[in-house]
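Accompanying notes for the structure given below.
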Amino acid sequence: MFVKGEYPEDYFQAFRETGLLGVAIPEEYGGAGLGCLGLVLAVEEVAKHCCAAGLMLLLTRLSTMAISLAGTEAQKQEYLRGTATGRRRGSFCLSEPDAGSDTQSIRTRAERRGDRYVINGTKSWISGAGVADFFIVAAKTRTDVPGARGFSVFVVDRDTPGVTVGKKEQKMGVRGIPVHQVIFEDVVVPASCLLGQENEGFKLIMQNLNAVRPVVAARGVGLAEGALMYWVEFARSRHTFGRPIIEHQGLQWMAADLAAEIEACRLLTYRAASLVDQGKVGREAAHFLSMAKLRATELAVRASNDCLQMMGAVGYMEEYPMARFVRDARQLTIVEGTSQIQKGIIGRALADGLLAW
């Protein structure tokens, strides 16, 4: 399934039946009301075994956070409740061919015409777009102002005329959740599809990304845990020089370093999730959320590579899962803001005096 890049529908149905799709959604909209921390715990557990499954749960937050923050009651009833019950699946449409980390450079436009908007543009590398039935779309509603001004955010149903889900990209890892282009050609939506205030959407986009960073961190922590757990099991049965390789001090020390880093990143991630649940998703806490995302996802890369190294040739073989751990981990340092973007946020906080001890 994952080698072919097929969406694991059975996973989705299992999450639906157990209520995990609504972990972070408030109870009044059909969810469990466990917030970001509850979702982080769930994602960490499933990502130990499958990073794509962790992304599936993450998308329930990425595609609904802006609605939670700025949506109307009608929007919340439709999309939050629909997501919690599994009736709705969403994707977050931000990145474009020339606007990934440079969010302010997006070219998608939404022109107001009376009580409607006409959207044109192409979004790229959109996770879950192939199965999504609604999209959170960032667009420019004013082209006469520079930088972060003049942005708006819309919720657009997939069956709206002019919306096309384009080609599936061939990814290096996390193949169970394919990515696609999403193309908007003269897509006419009513003004009721606007999230928040017109021309003030950039802040909402950033808050949406900030609020999801602890969940990306949880994918990193879970993947690192899964890689180390697999190595420990393997190392107890694999013998060299007359004893299990887990008894060799050099390998023990490598594993010990990973175990300590995993525990540190877990606590950092839980703290970040708690901040989100306190409503701290703006500039005042962005650096703490970025710290969790930065450290946990970089750890996932290190842990998967170190565990592969400790397995030797066996780890390099596709019939074992370590190669998949390595491929999947590399995605985490890129999505929802690269490691370099996270460092920039933390560095800016230091420069501005927001971070001091």
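The values are calculated or read from the model by the stated rules, or taken from the named source; none is laboratory data. Because the structure is predicted, anything quoted here is derived from the model rather than measured. Positions of Cβ are backbone-derived with ideal geometry, glycine not excepted, and every protein chain shown enters the neighbour counts. To get the accessible areas, we keep the full protein, side chains included, count just its heavy atoms, and leave off ligands, DNA and RNA. Shrake-Rupley method; radii C 1.70, N 1.55, O 1.52, S 1.80 Å.
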Can you pull out the residues in region 63-93 that are hydroxyl-bearing (Ser, Thr, Tyr) and under 23 Å from Val216 (Cβ atoms)? Ser63, Thr64, Ser68, Tyr79, Thr83, Ser91
Taking the stated definitions as given, is Val314 closer than 30 Å to Glu233 by Cβ and either in a helix (DSSP H, G or I) or not aliphatic (A, V, I, L, M) (or both)? yes
Given the condition farther than 17 Å from Ile205 by Cβ, small (Gly, Ala, Ser), open to solvent by 50 Å² or more (accessible area, probe 1.4 Å) and in contact (Cβ under 8 Å) with a residue 12 or more places away in the chain, answer yes or no: does some residue in region 265-286 qualify? no
Looking at region 170-181, is at least one residue without any contact (Cβ under 8 Å) to a residue 24 or more places away in the chain and not aromatic (Phe, Trp, Tyr)? no
Just one of the numbered conditions (1) surrounded by fewer than 20 Cβ atoms within 10 Å (Cβ to Cβ); (2) touching a residue at least 40 places away in the same chain (Cβ under 8 Å); (3) aromatic (Phe, Trp, Tyr) is not true of Phe241; which one? (2)
Looking at region 83-104, I want the residues that are in contact (Cβ under 8 Å) with a residue 60 or more places away in the chain and farther than 25 Å from Phe12 by Cα and have a partner that is among the β-branched types (Val, Ile, Thr) and buried (at least 18 other Cβ atoms within 10 Å of the Cβ) with Cβ atoms under 9 Å, at least 6 apart or on another chain. Which pairs are those? Ser101/Ile341; Thr103/Ile205
Does region 88-104 include one or more residues that are at pLDDT 95 or above and in contact with a Cys (Cβ under 8 Å, 6 or more places away or on another chain)? no
Residues that are in contact (Cβ under 8 Å) with a residue 60 or more places away in the chain and over 18 Å from the mean Cα position of the chain (by Cα): does region 42-58 have at least one? no
Which residue pairs have Cβ atoms closer than 7 Å, lie 6 or more positions apart in sequence or on different chains, and pair a first residue in region 289-317 that is surrounded by fewer than 19 Cβ atoms within 10 Å (Cβ to Cβ) and at pLDDT below 95 with a second residue that is not in a helix (DSSP H, G or I) and not polar (S, T, N, Q)? Val314/Tyr320
Tabulated pairs, region 323-337, first more than 24 Å from Met206 (Cα to Cα), second among the acidic types (Asp, Glu), C-beta under 9 angstrom, 6+ apart or interchain: Arg324/Glu318
If Glu263 satisfies all but one of (1) under 26 Å from Val23 (Cα atoms); (2) modelled with pLDDT under 95, what's the number of the condition it fails? (2)
Of all residues in region 106-154 being assigned to a loop (DSSP other than H, G, I, E, B) and of a type in the set (A, V, I, L, M, F, W, C), the one that is surrounded by the fewest Cβ atoms within 10 Å (Cβ to Cβ): Val145
